[in-house]
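The values are calculated or read from the model by the stated rules, or taken from the named source; none is laboratory data. Being a predicted model, the structure only gives us computed values, none of them experimental. Cβ coordinates were reconstructed from backbone atoms using ideal geometry, including for glycine residues, and neighbour counts include every protein chain displayed.
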Amino acid sequence: MAARKNTRPRAFILDALPAELQLKASPLRCVCRGCHPELSEAERAAESCTQTRWCTARTDWCRLNGYPLIDLILAELPREAPSKKRAATARTTNRKETR
Ligand SMILES: [Zn+2]
């Protein structure tokens, strides 16, 4: 909490995050027997290893770049529907005095 002022705005975290560490590049998938009964134990272990490495890389990146990991996770949460209010406001602002 003491280092809080050194953290950067969450809005920029996804811009700064390298592509290979973005959520859409995630190798994460469930490799349990229930979801992937066809995987051999070796494949299951390899998948788990990839997941762990990717998670570790993200955690390290956050630490090195001064972002709390929680901010990255929060920034990746799906947005609520895009703000219609903002579009309406922009239109109002753009309306020039054409009378
Ligand atoms: Zn599963």
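Every residue in region 29-44 that is loosely packed, with under 12 Cβ neighbours inside 10 Å and either among the aliphatic types (A, V, I, L, M) or within 21 Å of Pro68 (Cα to Cα) (or both), please.
Ala42
Name the helices (runs of 4 or more DSSP H) wholly within the chain that hold at least 2 residues that are within 16 Å of the ligand (Cβ to nearest atom) and either modelled with pLDDT under 95 or of a type in the set (D, E, K, R) (or both)? So that I can check it myself, show each step before the final result.
Details: elements: 13-16, 41-65, 69-76, 84-94.
Helices (runs of 4 or more DSSP H) meeting the threshold: 41-65.
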